[in-house]
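The values are calculated or read from the model by the stated rules, or taken from the named source; none is laboratory data. Being a predicted model, the structure only gives us computed values, none of them experimental. Because the Cβ atoms are built from the backbone with ideal geometry, glycine has one as well, and the counts that use them run over all protein chains shown. Just so you know, the surface numbers come from the protein's heavy atoms only, side chains and all, with ligands and any DNA or RNA stripped out. Shrake-Rupley method; radii C 1.70, N 1.55, O 1.52, S 1.80 Å.
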Protein chains: 4
Amino acid sequence: MATSRPPPGKDWLVLGHEAIGIVEESSDPRFKPGELVMPVNRRSYEGHCLNCLVGRPDFCEAEEYVEAGMVGMDGFMVEYYYDDPKYLVKVPSEIKDIAILAQPPLSDLEKSIEEILAIQRRFIWTCDDGTYNCRRAIVFGSGATGTLFALLLKTYGFEVYIANRRDPPLEGEAKIADEAGLVYYNYTKESLDKLKKLGFDLVIDTTGASASLIRHEIEILKPNGVLGLFGFPSEGEAVIPYDVFQRFIYKANVVVGIINGQKPPHFQLALSHLAQWKSVWPGVTKRLITKVISINDEKEVIKALNAKEPGEIKVKIKWD
Amino acid sequence: MATSRPPPGKDWLVLGHEAIGIVEESSDPRFKPGELVMPVNRRSYEGHCLNCLVGRPDFCEAEEYVEAGMVGMDGFMVEYYYDDPKYLVKVPSEIKDIAILAQPPLSDLEKSIEEILAIQRRFIWTCDDGTYNCRRAIVFGSGATGTLFALLLKTYGFEVYIANRRDPPLEGEAKIADEAGLVYYNYTKESLDKLKKLGFDLVIDTTGASASLIRHEIEILKPNGVLGLFGFPSEGEAVIPYDVFQRFIYKANVVVGIINGQKPPHFQLALSHLAQWKSVWPGVTKRLITKVISINDEKEVIKALNAKEPGEIKVKIKWD
Amino acid sequence: MATSRPPPGKDWLVLGHEAIGIVEESSDPRFKPGELVMPVNRRSYEGHCLNCLVGRPDFCEAEEYVEAGMVGMDGFMVEYYYDDPKYLVKVPSEIKDIAILAQPPLSDLEKSIEEILAIQRRFIWTCDDGTYNCRRAIVFGSGATGTLFALLLKTYGFEVYIANRRDPPLEGEAKIADEAGLVYYNYTKESLDKLKKLGFDLVIDTTGASASLIRHEIEILKPNGVLGLFGFPSEGEAVIPYDVFQRFIYKANVVVGIINGQKPPHFQLALSHLAQWKSVWPGVTKRLITKVISINDEKEVIKALNAKEPGEIKVKIKWD
Amino acid sequence: MATSRPPPGKDWLVLGHEAIGIVEESSDPRFKPGELVMPVNRRSYEGHCLNCLVGRPDFCEAEEYVEAGMVGMDGFMVEYYYDDPKYLVKVPSEIKDIAILAQPPLSDLEKSIEEILAIQRRFIWTCDDGTYNCRRAIVFGSGATGTLFALLLKTYGFEVYIANRRDPPLEGEAKIADEAGLVYYNYTKESLDKLKKLGFDLVIDTTGASASLIRHEIEILKPNGVLGLFGFPSEGEAVIPYDVFQRFIYKANVVVGIINGQKPPHFQLALSHLAQWKSVWPGVTKRLITKVISINDEKEVIKALNAKEPGEIKVKIKWD
């Protein structure tokens, strides 16, 4: 929604939306020189939005904010910069190899799940053993966002399907699904019907493809189920007949837009989950950083900035 | 969704979905002969649905229930009947003249609002004085359900619009809106655009008309706003383009189906609100029972059972 | 805790902690000349306390606030004054005869119950019919605060005992208990044991007497039960042996201090409950204002300001 | 509270309250031969307690349950046994070396924190960046329970003090505090006063020592702060004067008993945190299992079953 623009009074801006840095100097005792920190990349003007005032600009109603390296604020592609400690999240050095994965989308997804679980406190959504183990979720889209969302839902205890239209799946996808115990699903017009028959308690759309899929995602919801829309559909329209709405109403279903996150609590949660995954899914964790490029390898850097490769999850640029 | 059927083993059933009765005999000390009670008309088989087990069959996932006088259970149009105290709600004799209004839809609406407020606990939705006074709601449809929903939202502190396509409004509608401080709004294609510009934090659909309206209801939501679908759309389809979904996602909006209620907590809440309205809106309260018919006036009873009159909110059948 | 002091720069202050006024002039369209309003009497400096920033100074952590007519702010005993609309609560003219009862303590009690129900969302506290009808509460102290607390808990559906040491109860107490269906209980050392055997899900202390009672109040809690302390104990000490704590821990009990309220949402809720009581408990409602004095009757005004009479609930001073 | 007793109809019982086992045969597709599982050791009869019916016997109000190897149910010190899958929690083989730590107390503590955070949803308890990083907690007692509680609170983002009366701390304690960034505090009569001046948002008692400490723990609470009692005090009494209660009430403080946990959701959360700790605090994690004994080393097994060694956190008995 927001178009790029430089900081006030300038006609250019420093790039760099995601970063990990090293503390050089600090007057705050919580941050010691040598420690790793990650800056928050979306910040609010605060003003009169109550959610912003209490540290939750992800629920900003004022629609006023800046994005590092994109909207009204310089980014982090510099050797040194100053920042307010309230926008810095500490990174345990033991997981510095994977910490960059805590950046969006993963931090956004932490917030998405937090929000979905909050919505579902409208009734009892846990199972007869108090866990989510009896709940079935499906994530549409198996790109970076879809894969991370599926891993996160598995971590919360859900039975998780991950669906796309590729057949067979990329080798990386198949290996991740296998180690993490995800069900890989190749949907086609026919197989959407199978999904409708099966029924899901939670449906997540990360495709960013045609809006027409949304009608089908609504139809595969079980009673009390939720459809979370994360990916911005980029074309098309959903044509939803009255009887689909009748069943939606009757089943107490919810559709919710869940994209905005990336605040300190979600960065911290993302770092926690990454540390956990490193122990229990060591293979998966390695596959999540699909490429490491040196900042000095100009050609590769430019290439990575310009386009996603197939199967790309996260590319790390190293400042040696 | 549920088709009428008699109780097991019978090929007929007693009518009577809503009722108020007088206790004749009781072994439960909480119910004394002479007291007024209202029976719950939808009941669950309970079984394995956790929400049913804890007294909330309005969130039943098993889809197994009976409805008095409609689905698998005799109704209350008899002189005497026996019931389990857990399905009886006490009615203060001081409000017996209006108590029948606590039946659906009002009891359903109590649950709808309870659920919407639960969903909105995902962030801070109250205003800078801790109330809902800064939040703007609109109810589409000004029939019985729409009118009661609007009154209830006003009671919770919202600024409330009530919208329909009639011009001018019926006399009763206008007087209710006036006494209760509702904004009466006659929408047309043009004026929907005005509503979109204005923006609403809460939109409620009670029309039961064409599904095509839903697309516009989505577009008038402000950031963090909720669309609650109560009325079953009876025809048509909603055609929702991708950019409408983009804004929906970006604004963290929710669409939720909110129809099932009518449980003891909601009956009790409905009786509380009616007692309150009787004090603060005496004129409105009188207008809510649009007709009283004697059970002996066979012709009028049949007429009332067959069709709704224009402006009808609740018809009371009296057993003198 | 707070000692009286005049507003900054003055060595005197206007009295008048509670009031109802009439709008004379207003630039805010929500307030029209002639309408009744009630001012909020405790206000926060806001500053850095997040709860204050979102309109909930009742949870202020900064301990910075003013109290009208008492601490750092002039009161309302004047013919005209100006106020910010955000500190004014509208009063329906239909209940102007009893509206003053919405002032503390009733508005404080609304907040107390809201907080207790919030705490008890840590598990399922509602009954198998979704209400609180199976939960047993006891209020210690049958003064103004105790009586109003008991009526409020009854309104929420609890079975309610009200306990004091007077025998027989005052005539007014007995009549209120009778009409509202409260169980009046005269406790003595012996009968505290009876209460322990019976067990209560919710215990409220409003006595403001000796702290020694608290030990017994803890012991009458059932599993998952809560003790809410509202009255400031004014003498003595509680001697609580280790085995009482063992049972407290084992039963997942809670003790919580619940005194601070009186914010717009609680004033509004108090007005709603008063309107409801006026319909369902007309006799009780009349008894809650125990005396009406004319402002011109100087002798009676001084007497009322100086000391409480036995059985006093609320005294109204009328400005004819 | 519960005294040991054999299963119905027997006069002996198999020992073994905590265990990890290997699936040999299973008809449930979620459990495959060779996988590791951990049995739940406290189980409810369910019956009429709503919390039990929905899988939360940790909030049982019926006080009917069995404890493996202790109360009415055989334990796990056998070569083979059968169990219902709903009482089995899967253990990732990657963390089998430390998985036994997910047993109580850690699983109990997961529930304790979940409950405290639920109670604190009564207001905004997160900081101006949405995390708990500005909240200060102190854990009294540095035994197994205290150490694990402190680590868990640190994981949730709190600033954490751990307090005992030993000086200097044991070597293991000091190293754990150092790696995890805990503040080690040796309290004496004087230094309790220092703690009162500092103030804490969360105080946890795990000492199981004299009840007299509780009075001081109450006094170090900041406004809105909570005291969680986990350890059963084993002697003495708390003498709490009226003015301590006045401040408690004024500050909206809470005391809560938080001991019962050990259900599947808490086992799963404990396993997640252990996996995370293994990555970020590898040294700490190793120190948490203070001894490994072979089941064939009869002398050592008997010794470990009879008494705790100083500094003991968890002893693992290996079935080679």
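So what is the relative contact order of the range A:1-121, in percent, for Cα pairs below 8 Å that sit 6 or more residues apart? If you can, show how the numbers build up before the last one.
On the way: 160 pairs, mean separation 36.1, N = 121.
Once normalised by length, the contact order is 30 percent.
What is the packing order of peptides C:159-165, D:25-31, A:18-24, taking the mean over residues of other C-beta atoms within 10 Å and listing the highest first? Intermediate values should be presented prior to the final figure.
Numbers: C:159-165: 21.6, D:25-31: 10.3, A:18-24: 16.9.
The densest-packed peptide leads the list: C:159-165, A:18-24, D:25-31.
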Distance between the C-alpha centers of the range B:158-210 and the range C:273-320? Whole Å please. 42
Could you please put A:Thr147, A:Thr155 in sequence from largest to smallest accessible area, using a 1.4 Å probe? A:Thr155, A:Thr147
Between copies, how far apart are the D:Pro7 label points? List them in nm, one decimal, shortest first, with each point 7 Å from Cα toward Cβ, please? 4.3, 7.1, 7.7
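Under a 1.4 angstrom probe, counting protein chains only, how are D:Asp83, C:Asp193, D:Asp97, A:Asp11 ranked by accessible area, largest first?
The ranking, largest first, comes out as A:Asp11, C:Asp193, D:Asp97, D:Asp83.
So for the protein assembly as shown: antiparallel DSSP bridges make up what percent, rounded to the nearest 5?
30
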How many Å² of accessible area per residue for the range D:1-109, probe 1.4 Å? 50
Of all accessible surface on the protein assembly as shown at a 1.4 Å probe, what whole percent is carbon and sulfur? 52
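Kindly flag which residue pairs out of B:Lys154/C:Lys316; A:Lys90/D:Lys197; C:Lys251/D:Lys111; C:Lys197/C:Lys222 have an alpha-carbon separation exceeding 21 Å in this structure.
Long pairs (Cα-Cα over 21 Å): B:Lys154/C:Lys316; A:Lys90/D:Lys197.
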For the range A:259-320, run through the trypsin sites (Lys or Arg not before Pro) and keep only the ones in DSSP coil with at most 14 other Cβ atoms within 10 Å of their Cβ. A:Lys308
If I take every Cα pair under 8 Å that is 6 or more residues apart in the range B:119-189, average their sequence separation and divide by the length, what percent do I get for the relative contact order? 28
Between copies, how far does the label point of A:Met77 sit from its twins, in nm, shortest first, when each point is 7 Å from Cα along Cα→Cβ? 6.6, 7.1, 7.7
For the range D:54-85, which GluC sites (Glu not before Pro) are both in a DSSP coil and crowded by at most 11 other Cβ atoms within 10 Å? D:Glu79
Grab the other residues whose beta carbon is less than 10 angstrom from that of B:Glu159, score K and R as +1, D and E as -1, and report the net. +3
Per DSSP helix of 4 or more residues, -39500 (n - 2.57); summed, then divided by the residues of chain D. What does that give at 222 nm, rounded to the nearest 500? -9000 deg cm²/dmol
Partner chain coverage, peptide C:299-312 - average Cβ within 10 angstrom: 0
Which residue of chain B is nearest the rotation axis onto chain C, counting by its Cβ, and what is the distance in whole Å? B:Gln276, 2
Relative contact order for chain B: what is it in percent, counting Cα pairs under 8 Å that are at least 6 residues apart? 16
Exam field: C:Glu235 pseudo-label spacings to other copies (7 Å along Cα-Cβ), nanometres: 3.5, 8.0, 8.5
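When DSSP beta bridges are limited to those with both residues in the range C:1-115, what percentage is antiparallel, rounded to the nearest 5?
Values: 9 of 12 bridges.
Rounded to the nearest five, the antiparallel share is 75 percent.
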Averaged across C:227-238, how many Cβ atoms of other chains sit within 10 Å of each residue's Cβ atom? 5
Return the unpartnered cysteines for the protein assembly as shown, using a Cβ-Cβ cut-off of under 4.7 Å. A:Cys60, B:Cys60, C:Cys60, D:Cys60
If each K or R counts +1 and each D or E counts -1, the residues other than B:Ala118 whose Cβ falls under 14 Å of its Cβ total +3
Filter the trypsin sites (Lys or Arg not before Pro) in the range B:59-114 down to the DSSP loop ones having no more than 12 other Cβ atoms within 10 Å, then list what survives. B:Lys96
Based on the Cβ-Cβ distance of C:Leu170 and C:Glu79, what FRET efficiency does E = 1/(1 + (r/R0)^6) give at R0 = 45 Å, to the nearest 0.05? 0.75
